Amino acid sequence: MALSSYPIAFRLISATSRSGHHSSLSSIFSILRFQNSNTLQITILQHIFNSSDNLPHYNAMPSPNLVHKSGLPVIKWHEIVEDDTEKDSLKREIVTTSDEIAELAGAVRSMLRSMGDGEISVSPYDTAWVALVAAADEAGPQFPSSLEWISRNQLGDGSWGDGRRFSIFDRIINTLACVVALRSWDVNPEKTEKGILFIKKNINRLEEENMEHMPIGFEVALPSLIDKAKELGIDIPSDTRRLREIYARREIKLKKIPKDILHQMPTTLLHSLEGMEVPNVYPVDLFEHLWAVDRLQRLGVSRYFQTEMDECIAYVHWYWTEKGICWARNSEVQDIDDTAMAFRLLRLHGYKVSADVFGHFWSGGEFFCFKGQSTQAVTGMFNLYRAAQLIFPGENILEDAAAFSSKFLHQKRADNELLDKWIITKDLPGEVGYALDVPWYASLPRVETRFYLEQYGGEDDVWIGKTLYRMPYVNNNIYLELAKLDYNNCQALHQQEWKDLQKWCRNSNLGVFGLGEGSLMQAYYVAAASVFEPEKSQERLAWAKTAILMQTITSHFQSTEQKRAFIDEFERDSVLTYANGVRYKTRPNLVGTLLRTLNQLSLDILLAQGCNIHQPLKNAWHKWMKTWEGGGGRDAELLVQTLNLSGRVRTESEELPLFHPKYDYLMKAAVSVCDKLHQFQHRKDGNGCMASARGITTLDIESAMQELVKLVVTKSAGDLDSQIKQNFFIIARSFYYSAYCNIGTINFHISKVLFERVQ
């Protein structure tokens, strides 16, 4: 323990001695005695304990020239000062950044708490519709303020539409609608003429626009608007190649649903047919609640808003139906996009939702988003693909959904057609590509976030309805800035931990026993990419050191005799032996390194959390050794136990529920799948990921992962703490990642996640 951390120990001793918790003091002393190198620490702490009346003066430091009688070398103050100076600089940087993070998080929290029917940008098209409504006496408009808004919001080029992104589809339909509204009431003729001039000059540019970005119902709404304009004496060119194509699409779409049932069955086509009479993008409450949660999760900052996000998900669950949902509550129209997003988030949050809901979107051997749709949306299939990865055993409909959506997305990527009809985003091909290349089981949180930070466009992302529109609570620069600051903040801490880990490795002479820097790096990276939060530093380092020591021990000791000798020494040296009050000195070998490491981990957690995990941690290691001796590693069990023990302060349980039935089920499931993944990794082709185009390893492994996921996300009466359950999946996911990805991919991720700062 660095000298700079003594005040923490002093404060803990002060608190425990004053409160009479002598058992905690005893734990501290017993752990400190266990480390040969920390005899000086014992002396200092015992002196303080014996002088408890003077506890407020705990900031006194020992003399730098002190040579303890036990033979400890003189303390190298210059090294300590250098290390502490570097760490102090990092702390100051993190504190400064943390203040900015807190301010941005407060702004986001205000957004989430103020959600109602949905924040959405004004639509000139729908405003023009409102402006057309006549007053009861038909002498003028019922809503004159709509005409005033149209007059005030004409763009400089004479058009109406989204001012930050030029889309000819958006500008033409908005401008034509506004021109029709102005001409209908014979107001602002100069603005009307300017708008008509824009249309005539630019209508041929419709041929330049990608048809994937054509607004919803455009092929029905635009011809209707042109007819309306002609009735008002507005001459709009209508005999162009693209307009003929649009008219043809209109006929195809109208033939899909018989006219006699248009007003009997709920369908989005009504929004297009009655486009000048019915607004269709409000409310958007379910859409906003879902997509805001999704964005914040993928940006890696959801931990700041757990209460607010839980409320968002509970709101969605209130309006969930067995047929699915759409963008607004209480709607008779359902779509696969909103349904898939809701299904995935609800299931992740422990709600019981049936996969049978997707049967309502399955017909003729394919999944559809809306009844009567003319084209398939990339994002709809993307979210179906993501939802299907939350499959439980026996859910055949999700197997079909995964196969269908995966095939569709792979084909779109191969054809370079990853454009969507519902959103124009910064990097949709990147989002889809990552999901196809790194399936959810293998997607470590920091890896996904690092890539998504480059794919999320913030306020520049724009949605496509009948016209372009924006969702400021879903796409904004506050989310993006917060996520960037948070990521770089975490990364700076991870880089410092990596330096400390390298130093620990050198001081422990692990290189002598065959540990290479590449293995050291990968062990820390997997832990940091999985448990990344600053407040979980102890869990992260405990995981990394445990993985490193397991790997070193198993690679160094191969024969049965070597294994037996190692275990015997561990059992013997685990018992504290004193002669005249002096601790029996551990040997400078792997057993000594292991015992000192377990002791330090236990001490760090005791000082920080007040939990004594020393004996349970040793017991977990001893159990692992006995299994290792018999030929089976059960590495996953030791990692899970280490993670649960070191993070116990963040759970509701005082003790690990080792005998809880679900804990046992989870452990068996995790160990089983991790063992299968370990075997798979050894069979893997070194030239690439040994997986099918659907992004799976083997059916046996996939089935085992499905069972584990079900155990983790399903809630029941008398259930385990959710974080304890999550730790089983976190460890299994890390095994899946290491087995699924080749070394080149892993090294690329290491470089990007740990060392490439987000700009």
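The values are calculated or read from the model by the stated rules, or taken from the named source; none is laboratory data. Bear in mind that the values here come from a model prediction, so they are computed numbers and not experimental data. Cβ sites come from the backbone with ideal geometry, for glycine too, and all protein chains shown count toward neighbours.
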task = Filter the range 193-215 down to the residues that are of a type in the set (D, E, K, R) and outside any helix (DSSP H, G or I), then identify the one that is farthest from the chain's Cα centre (by Cα).
result = 208
inquiry  = So in the range 337-355, with the set limited to residues that are of a type in the set (Gly, Ala, Ser) and not in a loop (DSSP other than H, G, I, E, B), which one is nearest to residue 382 (Cα to Cα)?
reply    = 340
ask   = Tell me, which residue of the range 216-253 that is farther than 22 Å from residue 195 by Cβ and of a type in the set (A, V, I, L, M, F, W, C) is farthest from the chain's Cα centre (by Cα)?
value = 248
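Listed here are the residues, each with its yes/no results for (1) in the same structural domain as residue 642 (by TED's automatic domain parsing); (2) farther than 16 Å from residue 625 by Cα; (3) at pLDDT 90 or above.
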| residue | (1), (2), (3) |
| --- | --- |
| 517 | yes, yes, yes |
| 527 | yes, yes, yes |
| 538 | yes, yes, yes |
| 563 | yes, no, yes |
| 574 | yes, no, no |
| 586 | yes, yes, no |
Criterion violated by residue 205 - all others in (1) within 29 Å of residue 373 (Cβ to Cβ); (2) modelled with pLDDT of 80 or more; (3) buried (at least 20 other Cβ atoms within 10 Å of the Cβ); (4) among the basic types (Lys, Arg) satisfied = (3)
query = In the range 140-158, which residues are in contact (Cβ under 8 Å) with a residue 40 or more places away in the chain and part of a loop (DSSP other than H, G, I, E, B)?
reply = 140, 154, 157, 158
query = Considering the range 167-191 alone, what residues qualify as being buried (at least 18 other Cβ atoms within 10 Å of the Cβ) and of a type in the set (Asp, Glu)?
reply = 170
ask   = Which one of these is surrounded by fewer than 20 Cβ atoms within 10 Å (Cβ to Cβ), within 27 Å of the chain's Cα centre (by Cα), at pLDDT below 95 and more than 28 Å from residue 718 (Cα to Cα): 675, 685?
value = 675
Test for residue 418: is it among the aliphatic types (A, V, I, L, M), outside the structural domain of residue 518 (by TED's automatic domain parsing) and modelled with pLDDT of 95 or more = no
inquiry  = Between a residue in the range 283-307 that is small (Gly, Ala, Ser) and any residue that is in a loop (DSSP other than H, G, I, E, B), which pairs come within a Cβ distance under 6 Å, given they are 6 or more apart or on different chains?
reply    = 292/473; 292/474
task = Of the numbered conditions (1) over 22 Å from residue 234 (Cα atoms); (2) surrounded by fewer than 17 Cβ atoms within 10 Å (Cβ to Cβ); (3) in contact with a helix residue (DSSP H, G or I) (Cβ under 6 Å, 6 or more places away or on another chain), residue 135 fails exactly one; give the number of that condition.
result = (3)
key: Flag if residue 626 is at pLDDT 90 or above and among the charged types (D, E, K, R)   = yes
remark   = Pairing a residue in the range 719-731 that is modelled with pLDDT under 95 with any residue that is of a type in the set (Phe, Trp, Tyr), where Cβ atoms lie under 7 Å and the two sit 6 or more apart in sequence or on different chains, gives 720/663
ask   = Considering only residues of the range 415-466 that are outside any loop (DSSP other than H, G, I, E, B) and small (Gly, Ala, Ser), which is surrounded by the most Cβ atoms within 10 Å (Cβ to Cβ)?
value = 442
